[in-house]
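The values are calculated or read from the model by the stated rules, or taken from the named source; none is laboratory data. Note that the coordinates shown come from a computational prediction; the quantities given were computed from them, not determined experimentally. FYI the Cβ positions are ideal-geometry reconstructions off the backbone, even for glycines, and counts take in every protein chain you see.
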Amino acid sequence: MEQKLLIVDDEAHIRMLIGQTLEELEDEGVNFFTAENGEQALEIIQVERPQLVFLDVMMPKMNGMEVCRRVKKELGLNDVFIVLLTAKGQELDRQKGQEVGADVYMTKPFDPEKILEKAREVLQLQN
Amino acid sequence: MIKLSLKSILNKKNETASVIVSLIRQLNATVWIEDETGKVLLGTQGDTCATERKIIVDNEVLGVVKGDDKANIVADLLASSVQKDAEKKKLGSEVLNLYQEINLIYNFSERLAQTIDAPTISQTTLEEAGRVIKSNSGVVLLWDEDAQRLKILASSGELFFAEEKLYSELRLLSKILLSGQSEILTDVSTLSQAGILLPEVRSVIYSALKVNKRTMGAIILSSNEWVQYTAADLKLLTTLALQSSAAIESALLYEKNLREAKEREEAMRLVYEATGKFVPYEFIGSLGHNVITDVRLGDQVEKIVTVLFSDIRDYTSLSEQMSPEENFKFVCSFNERMGPAIRKHNGFINQYLGDAIMAIFPRNAQDALLAAIDMQKEVQDLNKIRAVKNQTPIQIGVGMHTGPLIMGITGDEHRMDATTISDTVNIASRLESLTKHYSVSVILSDSSLKQIEQKDGFHLRSLGLVQLKGKREAVEIHECFNASTDIEKKINTLAVFNEGVSLFLSKSFQEANLAFKQVVDTDPGDYTAKFFYRNTKKIIDEGVFENGVGIVSMHEK
């Protein structure tokens with residue numbers, strides 16, 4: 001099955017950074033998709049069914065929490081592994097993240113190694 | 001070095017591959033693309049190969065575009081696309097590097113914020129620096145101002161220099177480390193030859209730890225392999241050094257403050273302990289203070305307390321048999337027994353007056369009475385030892401009274417003393433001196449007795465009223481004979497004895513006399529009964545009523 005990965009963030013440099021961090025996976029055949037807002041993300045998730053989504057929480061209009069809630073609770077797409085990304089210090093969000101069904105929670109600034117490690121784990125790719 | 005491959009560029013979802021495919025089709029050309037190994041990545045290999053164009057990025061051949069003369073167009077397009085990709089990747093990797101650096105500094109600050117001791121801060125700095133700067137050992141050195149030498153605050157990996165050289169080669173090291181510089185040592189031969197660096201060390205990078213332009217030490221990383229440290233490495237190390245030196249400085253200040261506070265506390269504790277031996281804590285405490293230094297002239301407090309006085313009977317004649325030194329030793333050993341008996345029952349000794357003791361019981365009279373009994377038992381124990389040594393037994397009299405007491409500080413600003421001012425003290429003292437008169441060991445006033453809620457277990461009998469010198473009101477007094485040697489006999493005659501006292505008080509001296517005679521006949525050792533017997537007889541024989549009432553007046557001491 002084709003491996004797909006979606007990066008959602010309204011900030012271009014974060015999309016670029018995560019893409020750059022995970023670049024070696026692209027060489028290993030994983031297909032990368034990016035979205036810059038919640039609606040775009042929802043559309044790609046429904047069409048492409050990526051196995052892994054890095055989802056920024058703080059986005060205008062539809063935020064990451066809402067995207068996550070729709071994917072997990074409304075569409076019931078439980079095979080989409082969602083990593084919520086948020087700025088450090090917003091600890092309150094953790095519980096909300098669990099409520100909307102996020103699989104993992106990571107804080108920005110993120111540790112590139114950890115992002116890569118998590119992606120390999122979810123996509124079951126050997127290092 | 002940025003890794004690029006034609007395969008991944010053509011595989012990616014960017015449009016390069018599809019544009020090239022459609023271009024080849026539209027040109028109706030025979031063009032194919034091979035990777036560096038000759039494997040065809042795109043297009044169909046033709047029979048002839050008129051054109052051959054290498055795709056080169058950063059002097060590296062990624063592959064070849066082959067085909068007819070139209071292959072040049074495809075090659076131009078691919079080359080420009082690959083170039084763009086390479087630039088994008090290069091930019092991306094630089095941004096990622098910067099981001100990693102930010103992340104590192106961010107984590108580092110966070111870890112620094114969690115610690116307040118200098119060695120841990122130094123260790124953290126070494127760990128973080130070692131993660132990004134290639135090295136196999138590191139050390140944080142600190143200039144110890146007091147000892148005038150460098151000391152190792154933290155180290156990681158094998159120590160890369162001779163530790164003893166820290167002291168012997170002080171000038172050379174200080175010159176290098178305390179210059180306030182940050183440097184990449186490209187030539188370590190001077191230090192190696194001086195025997196400071198171990199011979200296997202090849203590369204060294206270090207940064208000074210500075211606070212307010214003052215150099216306090218240095219962080220040094222070393223490698224046994226030859227490493228070309230970069231300006232970026234040095235910049236990062238300097239950044240880490242800058243952050244950690246501020247943290248180390250605060251930690252050292254904090255430690256110093258803590259140490260000084262502890263020393264002050266210890267000094268205070270010693271003062272407190274020493275003064276506590278002279279002025280009881282309870283005394284200071286009851287004045288509303290914690291330490292003696294808070295006590296001020298004129299501080300005072302009034303409380304209802306029980307005052308206990310004890311005195312060694314016939315101490316004057318006893319002391320005549322001893323040398324002054326023996327006297328002193330005797331009083332000391334005696335007081336050593338009495339002190340604990342008093343403290344055990346929540347009392348405190350207000351004053352030692354030679355062989356006499358004045359103690360205060362702030363809680364209740366029961367505490368004081370229990371202490372009095374214990375004191376008498378201590379004396380009995382002491383007498384057993386004295387008997388073995390062929391020494392005469394000693395006796396103490398204890399008097400106690402409950403009433404208001406003012407504790408306070410008197411004197412002048414140069415000499416203050418803890419004082420009690422109270423009639424209660426006088427009464428307790430007088431009651432003590434009455435014990436000999438009545439041949440009893442413990443006398444308590446009625447006001448003390450009234451404060452004792454649980455009288456069970458105390459063996460008490462009335463001693464009637466006493467007119468104390470200088471007092472208008474007569475005081476009702478009682479004997480406690482718990483510590484008496486013939487306690488059973490006194491219990492047997494208790495009813496008759498009390499009846500005798502009661503008759504005496506109602507001036508029925510004849511009947512009282514008979515009652516006391518009965519007690520004395522039963523227990524000839526009851527000197528208290530004998531005292532009352534003699535007294536009643538004297539009244540009957542001589543018709544003398546002191547003060548006109550049935551009151552035993554206090555006799556001269």
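Being modelled with pLDDT under 85, within 14 Å of the chain's Cα centre (by Cα) and surrounded by 13 or more Cβ atoms within 10 Å (Cβ to Cβ) narrows it down to one residue among A:GLY64, A:GLY101, A:GLY38, A:GLY97; which is it?
Numbers: A:GLY64 fails: modelled with pLDDT under 85; A:GLY101 fails: modelled with pLDDT under 85; A:GLY38 fails: modelled with pLDDT under 85.
The match here is A:GLY97.
Got a number for residues in region B:131-158 being aromatic (Phe, Trp, Tyr) and modelled with pLDDT of 90 or more? Explain how you work it out, then say what you get.
Step one: of region B:131-158, the residues aromatic (Phe, Trp, Tyr) are B:143.
Now narrow it down to the ones that are modelled with pLDDT of 90 or more: none.
Of the residues in that region, 0 qualify.
Would you mind finding the one in B:GLU282, B:GLU302, B:GLU260, B:GLU325 that is at pLDDT 85 or above, among the charged types (D, E, K, R) and within 30 Å of B:GLN376 (Cα to Cα)?
On the way: B:GLU282 fails: at pLDDT 85 or above; B:GLU302 fails: at pLDDT 85 or above; B:GLU260 fails: within 30 Å of B:GLN376 (Cα to Cα).
From the options B:GLU282, B:GLU302, B:GLU260, B:GLU325, the qualifying one is B:GLU325.
Taking the options A:ILE82, A:ILE14, A:ILE45, name whichever one is hydrophobic (A, V, I, L, M, F, W, C) and within 14 Å of chain B (Cβ to nearest Cβ).
Numbers: A:ILE82 fails: within 14 Å of chain B (Cβ to nearest Cβ); A:ILE45 fails: within 14 Å of chain B (Cβ to nearest Cβ).
Going through A:ILE82, A:ILE14, A:ILE45 in turn, the sole match is A:ILE14.
Can you name every residue in region B:73-87 that is surrounded by 14 or more Cβ atoms within 10 Å (Cβ to Cβ) and within 14 Å of chain A (Cβ to nearest Cβ)?
Listed by number, the residues that qualify are B:ASP85, B:ALA86.
Scan region B:209-220 and give yes if some residue there is farther than 23 Å from B:ILE116 by Cβ, crowded, with 23+ Cβ neighbours inside 10 Å and not aromatic (Phe, Trp, Tyr), otherwise no. Break it down stepwise before answering.
Initially, region B:209-220 is screened for residues farther than 23 Å from B:ILE116 by Cβ, giving B:213, B:220.
So of that shortlist, the ones also crowded, with 23+ Cβ neighbours inside 10 Å come out as B:220.
Among the residues that remain, those that are also not aromatic (Phe, Trp, Tyr) are: B:220.
Yes, region B:209-220 contains at least one residue that is farther than 23 Å from B:ILE116 by Cβ, crowded, with 23+ Cβ neighbours inside 10 Å and not aromatic (Phe, Trp, Tyr).
If a residue counts only when it is among the hydrophobic types (A, V, I, L, M, F, W, C) and without any contact (Cβ under 8 Å) to a residue 40 or more places away in the chain, which strands (runs of 3 or more DSSP E) contained entirely in region A:24-95 have at least 3 such residues?
Working: elements: A:31-35, A:52-56, A:81-87.
By residue number, A:31-35, A:81-87.
Can you find a residue that is modelled with pLDDT of 90 or more and touching a strand residue (DSSP E or B) at 6+ places or on another chain (Cβ under 6 Å) anywhere in region B:480-493?
Looking through region B:480-493, at least one residue is modelled with pLDDT of 90 or more and touching a strand residue (DSSP E or B) at 6+ places or on another chain (Cβ under 6 Å).
Considering only residues of region B:21-30 that are in contact (Cβ under 8 Å) with a residue 24 or more places away in the chain and among the β-branched types (Val, Ile, Thr), which is farthest from B:ASP85 (Cα to Cα)?
The selected residue is B:THR30.
Looking at this structure, is B:LEU252 hydrophobic (A, V, I, L, M, F, W, C) and either without any contact (Cβ under 8 Å) to a residue 60 or more places away in the chain or over 22 Å from B:LYS151 (Cβ atoms) (or both)? Reasoning before the result, please.
Values: hydrophobic (A, V, I, L, M, F, W, C): yes; either without any contact (Cβ under 8 Å) to a residue 60 or more places away in the chain or over 22 Å from B:LYS151 (Cβ atoms) (or both): no.
Against the criterion (hydrophobic (A, V, I, L, M, F, W, C) and either without any contact (Cβ under 8 Å) to a residue 60 or more places away in the chain or over 22 Å from B:LYS151 (Cβ atoms) (or both)), B:LEU252 does not qualify.
Being within 9 Å of chain A (Cβ to nearest Cβ), farther than 11 Å from B:LEU236 by Cβ and touching a helix residue (DSSP H, G or I) at 6+ places or on another chain (Cβ under 8 Å) is the filter here; which residues of region B:95-109 pass it?
Scanning region B:95-109 gives B:VAL95, B:LEU96, B:TYR99, B:ASN103, B:ASN107.
Before we move on, is B:ASN535 modelled with pLDDT under 90 and either part of a helix (DSSP H, G or I) or surrounded by fewer than 16 Cβ atoms within 10 Å (Cβ to Cβ) (or both)? Lay out the reasoning, then the answer.
Numbers: modelled with pLDDT under 90: yes; either part of a helix (DSSP H, G or I) or surrounded by fewer than 16 Cβ atoms within 10 Å (Cβ to Cβ) (or both): yes.
Yes, satisfied.
Among the residues of region B:3-43, which ones are over 12 Å from B:ASP68 (Cβ atoms) and loosely packed, with under 13 Cβ neighbours inside 10 Å?
Initially, region B:3-43 is screened for residues over 12 Å from B:ASP68 (Cβ atoms), giving B:3-23, B:25-26, B:33-42.
Hits for region B:3-43 are B:LYS3, B:LYS13, B:GLU15, B:SER18, B:SER22, B:ARG25, B:GLN26, B:THR37, B:GLY38, B:LYS39.
Among (1) out of contact with any helix residue (DSSP H, G or I) (no Cβ under 9 Å at 6 or more places or on another chain); (2) more than 26 Å from B:LYS39 (Cβ to Cβ); (3) more than 14 Å from chain A (Cβ to nearest Cβ), there is one condition B:VAL140 misses while meeting the rest; what is its number?
(1)
Criterion first (surrounded by fewer than 17 Cβ atoms within 10 Å (Cβ to Cβ) and modelled with pLDDT of 85 or more) does A:LYS73 satisfy it? Steps first, please.
Working: surrounded by fewer than 17 Cβ atoms within 10 Å (Cβ to Cβ): yes; modelled with pLDDT of 85 or more: yes.
It is true that A:LYS73 is surrounded by fewer than 17 Cβ atoms within 10 Å (Cβ to Cβ) and modelled with pLDDT of 85 or more.
Could we say that B:SER18 is without any contact (Cβ under 8 Å) to a residue 12 or more places away in the chain and either away from every other protein chain (no Cβ under 14 Å) or in contact with a strand residue (DSSP E or B) (Cβ under 7 Å, 6 or more places away or on another chain) (or both) here? Spell out how you get there, then give the answer.
Working: without any contact (Cβ under 8 Å) to a residue 12 or more places away in the chain: yes; either away from every other protein chain (no Cβ under 14 Å) or in contact with a strand residue (DSSP E or B) (Cβ under 7 Å, 6 or more places away or on another chain) (or both): yes.
So B:SER18 passes the test.
Give just the number: which of (1) assigned to a loop (DSSP other than H, G, I, E, B); (2) within 21 Å of B:THR528 (Cα to Cα) does B:ASP456 not satisfy?
Of everything listed in (1) assigned to a loop (DSSP other than H, G, I, E, B); (2) within 21 Å of B:THR528 (Cα to Cα), B:ASP456 misses just condition (2).
Could you check region B:504-524 and list, in sequence order, the residues that are out of contact with any Ser or Thr (no Cβ under 8 Å at 6 or more places or on another chain), at pLDDT below 90 and either surrounded by fewer than 16 Cβ atoms within 10 Å (Cβ to Cβ) or part of a helix (DSSP H, G or I) (or both)?
B:LEU505, B:SER506, B:LYS507
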